[in-house]
Each structure stands twice: as structure tokens, then as C-alpha cells.
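Where a number appears in this text, it was derived from the coordinates with a stated rule and is not lab data. Fair warning: this is a prediction, and the values are worked out from it, not measured in the lab. Note that we place each Cβ from the backbone using ideal geometry, even for glycine, and neighbour counts take in every protein chain shown.
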Amino acid sequence: MPVVAGEFDDIRQRLDGIAEELAELAIIRLRESIDAGGTELPIDEKRLTRARRAVEKASHLLADAGEG
């Protein structure tokens with residue numbers, strides 16, 4: 001089945017929005033840690049960053065599928 005141009009645009013836009021939300025949450029966790037006097041990265045921030053990267057990868061994979 002051929003890929004239709006723009007077929008994944010809606011999903012990619014939603015994934016991009018989720019990636020932005022995850023980035024914002026990670027920044028909030030970092031700020032909270034700094035404000036509390038923390039000297040190490042919060043575990044939540046690390047997990048949020050990994051999740052954001054996975055969502056960004058999914059978005060890029062859909063972009064690639066639309067080009068092929």
C-alpha cells in the first residue's frame with residue numbers, strides 16, 4: 001500500500017506536542033531540584049528525557065515514512 005503524502009501529519013503533530021510537554025516537565029523537575037538545593041539530576045528528569053527522545057524518534061520515523 002503506497003504512503004499518501006501527509007498521511008502521518010496529524011500523528012506527527014501530536015507526537016511533537018507530547019515531546020514538548022515532556023521537555024517542559026523535565027525542566028520543571030530540574031528547577032524544583034535546584035530550588036531544593038539538589039546537586040544531582042532528578043530520576044524523574046532522566047526518565048522524562050528518555051521518553052521525550054523516544055517520542056521524537058517516533059515522529060521522525062513517521063516523517064521518513066512519508067518521504068518514501
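Projecting the Cα atoms of A23, A63, G38 onto the dipole axis of the chain, where Lys and Arg carry +1 and Asp and Glu carry -1 at the beta carbon, places G38 farthest toward the positive end. The Cα atoms of the chain cover 55, 15, 12 Å along the three principal axes, with the biggest extent listed first.
Between R31 and D10, what FRET efficiency follows from the Cβ-Cβ distance if R0 is 30 Å, with the result rounded to 0.05? It comes to 0.40. Could you tally the net charge around R50, taking each other residue with its Cβ under 12 Å from the Cβ of R50, Lys/Arg +1 and Asp/Glu -1? Summing Lys and Arg as +1 and Asp and Glu as -1 gives +2.
About its Cα centre, the chain has a charge dipole of approximately 280 debye under the convention of +1 per Lys or Arg Cβ and -1 per Asp or Glu Cβ, with nothing else charged.
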